[in-house]
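For reference, the structure discussed in these notes is given below.
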């Protein structure tokens, strides 16, 4: 568990409110697609916003806002500060973090790439406990035969589908999915 003070950033994006919590080393929690900053705080398990600054906070906010505005940006440059996992978890996180914008892999493909053929379900377990969706882009990991699998972000599979459609089809948030956004932001 981290003993460094937590820094929070809560901000509005075209796809709802987003929040990050992290330390001076990087992001350890991310949530998005909320209707208010208060929902973000509740999801992060915090009572108030911390105004402390760190080197990663402003650039990370800008990159996430750009991504959620349908700009193809590289979110893998945002530093992370996750508690250490098992060798398997670390390997899976590293592979998924490198899946490029607009591409997907199946749980089985991730398992094979990690050197654990037959461990697709275990990959799914690692993804289901991902505290930083988008930064470890678990929405880009699919079930067999293109099935969506699960997604723990607010609005679940509807949000996963929206993110994948946004990336794969090059859709403009303003014109093509504005009707879907009403599902996420009121």
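The values are calculated or read from the model by the stated rules, or taken from the named source; none is laboratory data. Computed from a predicted structure; not experimentally measured. Every residue, glycine among them, receives a Cβ derived from its backbone with ideal geometry; neighbour counts consider all protein chains shown.
For residue 47, the criteria (1) in the same structural domain as residue 24 (by TED's automatic domain parsing); (2) more than 17 Å from residue 18 (Cβ to Cβ); (3) in contact with a helix residue (DSSP H, G or I) (Cβ under 6 Å, 6 or more places away or on another chain) hold in every case but one, which is (3).
Residue 31 falls short of the stated requirement of being within 30 Å of residue 116 (Cβ to Cβ), modelled with pLDDT of 95 or more and surrounded by fewer than 17 Cβ atoms within 10 Å (Cβ to Cβ). Where helices (runs of 4 or more DSSP H) fall entirely within the range 86-155, those with at least 2 residues that are within 15 Å of the chain's Cα centre (by Cα), outside the structural domain of residue 26 (by TED's automatic domain parsing) and surrounded by 19 or more Cβ atoms within 10 Å (Cβ to Cβ) are at 87-97, 120-128. Is at least one residue of the range 143-154 free of Cβ contacts under 8 Å to residues at least 60 places away in the same chain and within 19 Å of residue 40 (Cα to Cα)? Checked against the condition, which is being free of Cβ contacts under 8 Å to residues at least 60 places away in the same chain and within 19 Å of residue 40 (Cα to Cα), the range 143-154 yields at least one hit. Using the structure shown, decide if residue 82 is closer than 24 Å to residue 6 by Cα, part of a loop (DSSP other than H, G, I, E, B) and within 16 Å of the chain's Cα centre (by Cα). It is true that residue 82 is closer than 24 Å to residue 6 by Cα, part of a loop (DSSP other than H, G, I, E, B) and within 16 Å of the chain's Cα centre (by Cα). Tallying residues that are in contact (Cβ under 8 Å) with a residue 40 or more places away in the chain and outside any helix (DSSP H, G or I) within the range 55-79 yields 6. So for the range 57-66 (the condition being more than 22 Å from residue 151 (Cβ to Cβ), outside the structural domain of residue 144 (by TED's automatic domain parsing) and either crowded, with 19+ Cβ neighbours inside 10 Å or touching a strand residue (DSSP E or B) at 6+ places or on another chain (Cβ under 6 Å) (or both)), does at least one residue qualify? The answer is yes, given that some residue of the range 57-66 is more than 22 Å from residue 151 (Cβ to Cβ), outside the structural domain of residue 144 (by TED's automatic domain parsing) and either crowded, with 19+ Cβ neighbours inside 10 Å or touching a strand residue (DSSP E or B) at 6+ places or on another chain (Cβ under 6 Å) (or both).
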